[in-house]
Structure formats: structure tokens, C-alpha cells
Amino acid sequence: MDSSVRKFRRISTGFLILFILLTGVLPVRAENEPENLYARAAVLMDADSGRVLFEKNGEEKLPMASTTKIMTLLVTLENADLDGTIEVSAYAASMPDVQLGIREGERYRLLDLCYSLMLESHNDTAVAIAEHVGGSVEGFAALMNQKARDLGCYDTYFITPNGLDAEDETGIHSTTAEDLARIMRHCMENETFLSITQTVSWSFGDLDGTRSFTVNNKNAFLNMMEGALAGKTGFTNGAGYCYVGALERGGKRLIAVVLACGWPNNKSWKWSDTTKLMNYGLSEFKQTTIGEDSLTLNSLPVTNGQNPEVNVDVELSQESLLLSPDDEFSMEVLLPDSLEAPVHEGEIVGSLVYYINGEILDLFPITAVEESPAIDFRWRLEQVARQWVL
């Protein structure tokens with residue numbers, strides 16, 4: 001075990017926790033990385049840990065077209081009854097291609113329109129869903145943006161539920177490859193999301209029985225690689241071709257994102273890049289257990305404390321990560337030379353930090369397991385009295 005003890009102010013622990021929350025897990029820098037990608041921005045993520053295994057301009061804000069719809073579906077699944085009835089508005093019916101062709105006043109079951117949304121990426125059903133779930137497109141966008149913040153996606157801004165290019169006084173409809181991967185990571189935990197996006201075809205009609213439809217899954221990646229789980233394509237003039245997809249094979253769960261991956265006449269580039277990213281994850285990374293399940297720490301002296309020293313402890317866990325042969329794991333104990341009374345039981349006094357390639361992966365608080373109140377006049381008086389009695 002590689003560890004050391006360093007002086008630090010107690011604020012250090014809070015800073016490290018804030019650092020993890022704001023930045024997330026830092027990307028790997030390994031050899032044999034994918035080269036010559038067409039995409040302007042790309043990310044490969046370990047879905048289990050959230051660790052970025054590869055990135056190219058992963059934090060650049062870009063429009064993301066219909067990959068937006070993974071968030072549209074996620075917010076819908078978390079906020080609405082799928083058996084609810086949607087009545088189509090004139091605005092929803094007016095959306096441009098790609099569209100199902102729903103008409104103003106028609107009524108549909110929400111679940112059926114979710115298949116239309118994800119299998120064929122219909123823009124009109126996206127708006128109909130948004131108006132039903134959020135009360136309006138703007139209300140639904142607020143739900144999308146709140147969910148993005150909840151997931152730590154602070155460089156993402158949603159304006160529309162369908163991903164059409166849009167801009168308002170706050171910014172443009174956009175995300176980053178890293179943020180989009182984080183959103184897909186959460187979507188993968190929703191069984192209904194996976195069931196809908198894996199469906200080959202779905203037939204349904206309006207609730208008045210006057211029209212019928214069959215939608216077919218246009219996500220070609222599902223048939224390109226063994227273990228493909230889910231995904232969403234996208235294209236607009238502003239975004240170019242985009243894709244976010246998930247794969248599970250050999251105990252590995254991977255997410256690949258490509259943004260601005262060519263424009264018309266280069267429609268296949270997104271598949272080339274996605275396959276290259278997934279194959280890199282499958283071939284170069286192995287599931288590895290890191291860390292310790294327990295650790296013995298020395299007690300710490302307490303300045304001006306009624307107890308001259310206190311015992312400290314840390315609750316550790318071993319973690320399973322996808323690591324490449326180039327990755328190096330280390331751990332470090334961060335503790336002060338002494339503590340200042342009063343020290344309270346359960347108080348955080350330090351941290352144990354896990355690193356991969358020198359970058360923070362995870363941290364564990366070190367806490368005092370007993371207290372040491374500050375020495376005061378009453379305590380001194382009690383000590384004198386005790387000595388006098390003895």
C-alpha cells in the first residue's frame with residue numbers, strides 16, 4: 001500500500017469533496033487511444049464507475065440534436081403515468097420532419113408516443129409528450145435542466161424536447177460529450193428506458209380508433225455489435241450527426257458518445273467512431289479490484305484537549321474498475337500532525353484518497369471515533385479537586 005501522512009488544514013477535506021462533486025471522475029490518459037476520429041467531440045465512459053476512459057474535446061459545449069430525446073424519455077418516465085392520455089396541440093402537430101404525423105385534437109396513450117419518440121425520433125410526439133408532462137415545452141425544459149443538474153451535468157442546457165437547434169437569452173440548446181454520457185449512464189439504470197429503446201417495432205393507434213401506426217427501431221448500432229444495449233441518433237444542420245450508445249459485454253458496460261460527427265454524405269462516420277470507441281474499451285481495459293477493505297490508523301494528539309489523543313477510523317471499500325495496463329493506482333492518507341480541541345466524535349479530521357494515474361478517483365472521510373473536549377477552568381478545577389481527594 002502506497003500511503004503518506006501530510007500536514008493540512010481541516011478545510012482540505014471539504015475542498016476535495018467539493019472538487020469531486022464539481023468535476024466528476026477525471027479522464028484516463030492511456031496509450032493505444034483511438035485515433036483519427038471524425039467526431040469533433042467524443043467520450044468513452046465506464047458505465048459502472050462513471051470514469052471517462054477516453055475523451056476528445058469531451059467538455060466542449062455543442063448542439064446534440066435528437067440525442068436530446070434520451071433525457072426527454074428519462075424525465076417522462078420519472079414524472080408521468082405511461083397510461084396517461086395525451087391530447088395533441090396545434091403546436092405539437094406543426095413540428096417539422098421527422099414526424100409521426102399526429103394531428104391537433106387527436107388523443108394517444110403516453111406509452112405509445114414514447115415508442116414513437118425513441119424508435120423513429122419523431123419531433124411532433126416529443127413536443128406532445130413535453131406539453132403533457134411539463135404543462136408546456138418551457139415547463140418540460142425546466143424539468144430537463146433540473147434533472148441535468150441533479151446528475152452533475154452543469155454544461156448542459158435544454159430548450160426543446162426534440163433537439164431541434166434552438167437559442168434563447170440563456171444560451172443554445174447544447175451539451176458536452178461527457179455530460180451526455182452521464183445522462184445515458186443514468187438512463188441505463190431504468191429498465192423501462194432499456195425496454196423501450198431495445199424494442200424492434202411497436203404498433204399502436206389513437207384512442208378514438210381512427211388511425212393506426214407501426215414504428216420501427218432506427219438505431220442501427222443495436223445490430224452492429226454484440227451486447228449493444230441502447231442508444232439514440234441525432235442530426236440537425238447545427239449539430240451534424242450525433243450518437244450516444246451503450247454496450248454490455250464480458251462484464252464491461254460502456255457508453256460511447258460522438259458529437260458533430262460529419263454532415264450529409266458522411267452519415268456512416270458516427271458508426272465508425274462509435275465502433276472504434278467501443279472496441280477500444282473492450283480490448284484495452286480489464287475489470288480490476290483496487291483499494292483496501294480495512295486500514296489501521298494511528299491515534300492523533302489533541303492540543304489543549306481533555307483527552308491528549310483520539311483514535312481515528314475510516315470506512316473503506318474496494319472498488320472494481322476498468323483499468324488499462326497503463327493505469328496506475330495509488331492511495332494516500334491526508335491527516336494533520338495534531339488536532340485542536342474540542343474534537344467531537346464523528347468529526348471529519350482527514351481523508352484517504354484513491355488515485356488513478358495521479359488523478360483523484362475517490363475519497364473517504366477519516367473521522368474521530370471519540371471526543372476530546374477543550375480544557376477549561378471547570379475541568380481544571382475538577383482535576384485539582386480530584387487530586388485533593390486522593
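The values are calculated or read from the model by the stated rules, or taken from the named source; none is laboratory data. All figures in this text were calculated on a predicted structure; none of them were measured in a lab. Glycine also receives a Cβ, built like all others from the backbone with ideal geometry; neighbour counts cover every protein chain displayed. SASA here: full protein model, heavy atoms, side chains in, ligands and nucleic acids out. Shrake-Rupley method; radii C 1.70, N 1.55, O 1.52, S 1.80 Å.
Can you tell me the accessible area per residue over the chain, all protein chains present, probe 1.4 angstrom, in square angstrom? Walk me through the numbers on the way to the answer.
Numbers: 18080 Å² over 390 residues.
Normalised by residue count, the accessible surface of the chain is 46 Å².
I want to verify a result. In a Gaussian network model of the chain, Cα cutoff 10 Å, which of these has the top mean-square fluctuation: Val333, Val75, Val137?
Maximum among the listed residues: Val333.
In a solvent-free Debye calculation with one equal scatterer on each Cα, what is log10 I(q)/I(0) for the stretch 38-120 at q = 0.10, 0.13, 0.14 Å⁻¹, listed in the order of the q values?
So the normalised log intensities work out to -0.39, -0.61, -0.68.
Taking 7 Å along the Cα-to-C-beta vector as the label spot, tell me the Arg40-Asp337 distance in nanometres, rounded to one decimal.
Here the modelled spin labels are 5.4 nm apart.
For the cross-link pairs Lys69/Lys286; Lys218/Lys252; Lys147/Lys252; Lys61/Lys276, which exceed 29 Å when the distance is taken from alpha carbon to alpha carbon? Before the final figure, lay out the partial values.
On the way: Lys69/Lys286 32 Å; Lys218/Lys252 25 Å; Lys147/Lys252 26 Å; Lys61/Lys276 23 Å.
From Lys69/Lys286; Lys218/Lys252; Lys147/Lys252; Lys61/Lys276, over 29 Å: Lys69/Lys286.
Dividing the convex hull volume of the Cα atoms of the stretch 270-315 by its residue count, what figure in Å³ per residue is obtained?
On the way: hull volume 6.7 nm³, N = 46.
About 145 Å³ per residue, rounded to a whole number.
Once you have the Kirkwood Rh of the stretch 152-307 from its Cα pairs, apply Stokes-Einstein at 37 °C and 0.692 mPa s and quote D in µm²/s.
Numbers: Rh = 19.0 Å.
Calculated translational D: 173 µm²/s.
What does the extension gain come out to for Ile172 and Gln387, with contour length at 0.36 nm per residue minus their alpha carbon separation? Walk me through the numbers on the way to the answer.
On the way: separation 215, 0.36 × 215 = 77.40 nm, distance 7.48 nm.
Taking 0.36 nm per residue and subtracting the Cα distance, the gain is 69.9 nm.
More than 37 angstrom separation, counting every C-alpha pair in the chain; what % is that? Before the final figure, lay out the partial values.
On the way: 27665 of 75855 pairs.
Of all Cα-Cα distances in the chain, 36 percent exceed 37 Å.
GNM on the chain, C-alpha springs below 10 Å: top fluctuator among Asp168, Asp155, Asp326?
Top of the fluctuation ranking is Asp168.
Over all alpha-carbon pairs of the stretch 253-390, lay out the pair-distance distribution in 5 Å bins, whole %, shortest bin first.
2, 8, 13, 12, 10, 10, 8, 7, 6, 6, 5, 4, 3, 2, 2, 1, 1, 0, 0, 0
Kindly provide log₁₀ I(q)/I(0) values, in the same order as q = 0.15, 0.16, 0.17, 0.21 Å⁻¹, from the Debye equation applied to equal alpha-carbon scatterers of the stretch 202-274.
The Debye formula, applied to the Cα set alone, gives -0.62, -0.67, -0.71, -0.87.
Please compute the net charge surrounding Ile255, taking Lys and Arg as +1 and Asp and Glu as -1 over other residues with Cβ under 14 Å from its Cβ.
Values: positive: Arg51, Arg182, Arg185, Lys232, Arg249, Lys252, Arg253; negative: Asp46, Asp48, Glu55, Glu178, Asp179, Glu189, Glu248, Asp273.
Residues near Ile255 contribute -1 overall.
Net charge near Asp48, counting Lys/Arg +1 and Asp/Glu -1 over other residues with Cβ under 12 Å of its Cβ?
Details: positive: Arg51, Arg185, Lys252, Arg253; negative: Asp46, Glu189, Glu248, Glu319.
Spelling it out: positives minus negatives among the neighbours equals 0.
Determine, for each peptide in 185-198, 254-267, the mean count of other beta carbons within 10 angstrom over its residues, then list the peptides with the highest first. If you can, show how the numbers build up before the last one.
Numbers: 185-198: 17.4, 254-267: 22.4.
Result, highest mean Cβ count within 10 Å first: 254-267, 185-198.
Roughly how many percent of the accessible protein surface of the stretch 117-269 is carbon and sulfur, given a 1.4 Å probe and a whole-percent answer? Intermediate values should be presented prior to the final figure.
Details: 2740 of 6010 Å².
Using a 1.4 Å probe with all protein chains present, the stretch 117-269 comes out at 46 percent carbon and sulfur.
Roughly how many percent of the accessible protein surface of the stretch 299-390 is carbon and sulfur, given a 1.4 Å probe and a whole-percent answer?
On the way: 2520 of 5000 Å².
Result for the stretch 299-390: 50 percent of the exposed heavy-atom area is carbon or sulfur.
With a 1.4 Å probe and every protein chain kept in, tell me what percent of the accessible surface of the stretch 50-94 is carbon plus sulfur.
Values: 620 of 1580 Å².
Here it works out to 39 percent.
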